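Here, each number is a calculation from the coordinates, and none is a lab measurement. All values derive from a computational prediction rather than experimental measurement. Neighbour counts run over all protein chains shown; Cβ positions are idealised from the backbone, glycine included.
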Amino acid sequence: MSTNPIGIFDSGIGGLTVANAISELLPNESIIYFGDTAHLPYGDKSAKAIRNYGKEIIQFLVEKKCKLIVIACNSASASIGNAYTKWIPKDLPVINVIEPVVHYLANDKNSKIGLIGTKRTIKSGVFPKYIKSIAPSKTIQSLATPLLAPMIEEGFYNNNISKAVINAYLENSRLRGMQSLVLACTHYPLIEKEIKTLIGSKTKIINSAYVVAMRVLEIIEKQNLANSNKKIVAHQFYVSDYTTAFEQAANRFFGKKIKLSEHNLWKRQKS
């Protein structure tokens, strides 16, 4: 089982930030990544729809014999909750991108926290709820930033368009006086440098991808799942709807050429 891959999924390229962080922290581990490009973005979908998508993808990753699964999407993490326990073997660890960040924030010295994410993530209220349950002294100000994920998916970042959109959100009064800013969408690390430039060095940015990767490392070590055979490392990348633009974007982000395979789970259902 130690040589089995780590499964990761998201609606699009955002989860690649998590995959990349895991790959850097655990270079001996194989990864199977699934981008549900047929249904992106998840941020404007209903919780019921996202749970249905997540169920099919998680079952696909179970079929691929993944030893650990990462729900690398805040909207999916908020919508699926613990429902995944009905779809997987009992001993299979599943990590979402919310709980590791919440525990990180609870132990962080800063008390005034700003949080930006998709409409679905913000509407769920899951971050403030979890943080208040373990760190009631923290003040959380959440802001939905629905244009950011589609903008990133279309390749509009590190340019004048992205700067204008990001700045418009950061100037919102809800984020005034924040000491830390949580990037509560796995797409957002792709615009982290732009955000830093606009908000200045006094505000601490919490990159969820790195925090989640640290949690994966912790579980891998704790459950003795580490791959000791360095020769057996192979990454696989799947999408539910293939486009050349997506592959090019994934190549740019991951820093090397990757091969995407189209695998539409919903067509499989109908056939």
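Observations on the structure shown:
- From the C-alpha gyration tensor of region 99-209, square roots of 5λ in Å: 23, 15, 12
- Relative to the dominant Cα principal axis of the chain, helix 16-25 is inclined by about 80°.
- Stretching the chain fully between residue 242 and residue 160 yields a gain of 26.7 nm (0.36 nm per residue, less the alpha carbon separation).
- Zone of residue 228's modelled label, taken as backbone nitrogen in region 12-38 under 18 Å from a point 7 Å along Cα→Cβ: 27-30
- Among 240, 111, 142, the largest mean-square fluctuation in a Gaussian network model of the chain (Cα springs under 10 Å) belongs to 111.
- In this label model, residue 123 and residue 202 are separated by 3.5 nm, measuring between points 7 Å along each Cα→Cβ vector.
- Modelled spin-label separation between residue 64 and residue 24, with each label point placed 7 Å from Cα along the Cα-to-Cβ direction: 2.2 nm.
- Calculated from the structure at hand, semi-axes √(5λ) of the Cα gyration tensor in Å is found among (1) 41, 18, 17; (2) 28, 21, 18; (3) 32, 23, 16 as (2).
- Proportion of all alpha-carbon pairs of region 173-214 beyond 17 Å (%): 29
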